[in-house]
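Laboratory data are not the source of any read-out in this text; all were calculated from the coordinates shown. Remember, it's a predicted structure, so these values are computed and weren't measured experimentally. All Cβ positions, even for glycine, are placed from backbone atoms using ideal geometry, and neighbour counts span all protein chains on display.
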């Protein structure tokens, strides 16, 4: 039987893969359905690839190139996926975004130089709308690429998280943006016979992506990764229009809105406006306090004290922060929770949306340490529970528990939703020293009557508590 | 009357407008689907959106196909197919890396007991 991939059949198959992508995201509504969702996603992309190979009857040199690229890229991807530590997920995702951005740029340039193959006109005479789509795809892709490279470097510690700012930064960015818009206009007028204009758009966009991310501080990185996630989606969608490909348009829209929603959630969790994050500079003046601060008395406790208090409690809420992951204390903490459960203590975890370095990061780190997901609660679900708990065990978190967010309108974090750990009878606060948190703000909780400070390395302290239990 | 029916059927409407309709509706679908994602799975969500946005590989494959169809070179590797090769490779890293790392993360989420 002769099989022929017609345009209609191809369009239907692309739609099927678009639907499978929707189902893959839908699966993430609960951990139980999530694994099946991931499989839907894989099938969706396989259908899209095979459909394209058949429709364009890729053979000969093209087929060899394709298989070589898939083999090399696939092996690298599989290797990274297997080896990457979970603490490094933020930089991995940033790195992956940069690849999508670069791929979008490559595809846009390829289409510009071989428009006939893409069905968008002839060299030097490309349809106006297609030129607009190509330019947007290339420009957004380029911004995603260079922006993600900077985000990767900052998250991976290759570059300091301190914001890099200079005079006239915003004006420069604005002018570059206007420059891109103007060049796109010129390109569309010329019908695309001026290749230099197109390449200039790509070049300026690379520069713009770089300049957009360097002023953004380490604390705002969760927003930045989400935002770049969104950009990579819009770049894909723009090229989807060029190719008239439903799978690409649908995916672009899904990813674009997903990234935008995550950015919104992160901004809300930090009480920062999206605009102020984009404009950058946060964290620059973080270390102005010091010296003149009065020494206030704290109550200091030992591992034995902590073990005694928790063993006799009926409910303990553990509040982990990124410091937990830095100290590699996730596994020890779970062991401690197991010991307490053996003693008949009810142990649950409370997670602030920005507890990790990217949305949902802390949940992954706890899952890796074999903490069951039904013991882990989000801020709005657990906040009322602190009043019923004898102990709030804060480990590696600081700013997300700071009552100043509610009481002190002068505080930089005023208005940020916090975990109400001060409502618990006793707060056990594991901390290396009494220094201020990530945002550089002193925490009144340290000096409160119900607080006992456990000053030590998080992992060592938890191990000592386990011994004492 | 027939004219009206044809218009309602979309004759004469540019394909770009249809694509735009799909795009706008998909944004709404994305909006509702993503808000339904449990916050505990936001990191896997980012990893998997990354993997599926690599469906841009279909564009890369079209570019690669120009290697075989170019009339002048008769199967030579031109600029476009070279860029297509690079884009395919980058997308492959993302597709395999993105889906596998998502699977690895999701396999860690376990219930009590």
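Data for the structure
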item	result
Shielding score for A:87-93, defined as the mean number of other chain Cβ atoms within 10 Å	3
Two-decimal Rg/Rh across the stretch A:1-120, once Rg and the Kirkwood Rh are taken from alpha-carbon atoms	1.01
Chain A: angle of helix A:128-156 to the longest principal axis, Cα-based, in degrees nearest 10	30 degrees
Distance (nanometres) between label positions extended 7 Å along Cα→Cβ at residue A:129 and residue A:71	4.1 nm
At 0.890 mPa s and 25 °C, Stokes D of the stretch A:83-148 from Kirkwood alpha-carbon radius, µm² per second	189 µm²/s
Relative packing of peptides A:6-16, A:89-99 - highest average C-beta neighbours within 10 Å first	A:89-99, A:6-16
Dimensionless Rg ratio for the stretch A:49-185, taking C-alpha atoms and the 2.2 N^0.38 Å reference	1.32
Inverse of mean 1/r across different Cα pairs in the stretch A:28-92, Kirkwood, Å	14.4 Å
Stokes-Einstein diffusion coefficient of the stretch A:396-469, Kirkwood radius over Cα pairs, 4 °C, 1.567 mPa s, in µm²/s	99 µm²/s
Projected-area average for the stretch A:131-183 over all orientations - Cα convex hull basis, square nanometres	4.3 nm²
Mean Cβ neighbour count within 10 Å, used as a protection proxy, ranking A:25-35, A:320-330, A:137-147, A:162-172 highest first	A:137-147, A:320-330, A:25-35, A:162-172
The protein assembly as shown, Rg to Rh (Cα coordinates; Rh as Kirkwood inverse mean 1/r)	1.04
Peptide A:229-235 - average C-beta neighbours from other chains (10 Å radius)	3
For the stretch A:155-241, diffusion coefficient by Stokes-Einstein and Kirkwood Rh (Cα), 10 °C, 1.306 mPa s, µm²/s	107 µm²/s
Nearest 10 degrees, 0 to 90: helix A:7-26 Cα axis against chain A principal axis	0 degrees
nm² value of the averaged projected area, convex hull over the Cα atoms of the stretch A:294-405	7.9 nm²
Equivalent ellipsoid semi-axes, the stretch A:338-469, via Cα gyration tensor eigenvalues times 5, rooted, Å	23, 18, 15
Cα-based helix-to-principal-axis angle, A:330-342 vs chain A, degrees rounded to 10	50 degrees
Descending semi-axes in whole angstrom, ellipsoid equivalent of the stretch A:215-261, from the Cα gyration tensor	26, 9, 5
Gyration tensor (Cα) of the stretch A:61-114, equivalent ellipsoid semi-axes in angstrom	26, 17, 4
Theoretical ellipticity at 222 nm over the protein assembly as shown - DSSP helices of four or more residues, -39500 (n - 2.57) apiece, nearest 500	-20000 deg cm²/dmol
Full-stretch length increase - residue A:199, residue A:467 - with 0.36 nm per residue and alpha-carbon distance subtracted	90.1 nm
